[in-house]
């Protein structure tokens with residue numbers, strides 16, 4: 001329908017927020033649109049549809065977005081649906097995601113958790129069993145070493 005039609009459809013048009021190379025911003029951004037960072041940003045970005053950090057971009061802070069694409073550096077906490085670390089991109093910190101792609105030469109250092117994952121680790125169970133074996137064997141091993149030493 002036209003401008004004066006009876007429709008409940010709401011069209012939301014969000015532009016792109018761009019932080020250019022050479023620009024440094026400290027603060028917060030809340031947008032349903034796109035954010036592209038080639039400069040430096042310290043703070044919080046919430047509710048963005050797409051956040052892209054260019055090769056020269058550096059972000060330190062918290063991000064909540066639908067998609068995050070990193071070619072530069074991110075250091076902090078991430079909560080997103082799709083996470084892409086491109087070649088040369090570096091992510092340090094904690095992330096929660098549904099989909100994760102790390103290209104060759106992309107780097108991630110930290111803790112990552114897939115949202116609503118049904119996988120559970122049993123490593124702690126095995127680690128406890130190994131610790132119990134090592135502890136129970138330690139006195140015997142120490143005694144054997146002392147015996148060998150005394151015989152020399």
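The values are calculated or read from the model by the stated rules, or taken from the named source; none is laboratory data. Please read all numbers here as calculations on a predicted model, not as lab measurements. Methodologically, a virtual Cβ is constructed for each residue, glycine included, from the backbone with ideal geometry; neighbour enumeration extends over all protein chains shown.
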Query raised in the report: Is it the case that some residue within the stretch 117-139 is outside any strand (DSSP E or B) and in contact (Cβ under 8 Å) with a residue 24 or more places away in the chain?
Result: no
Report summary line: Within the stretch 93-112, the residues that are loosely packed, with under 10 Cβ neighbours inside 10 Å and in contact with a strand residue (DSSP E or B) (Cβ under 7 Å, 6 or more places away or on another chain) are 109
Query raised in the report: Among the residues of the stretch 27-44, how many are within 10 Å of residue 59 (Cα to Cα) and either at pLDDT below 95 or not in a loop (DSSP other than H, G, I, E, B) (or both)?
Result: 6
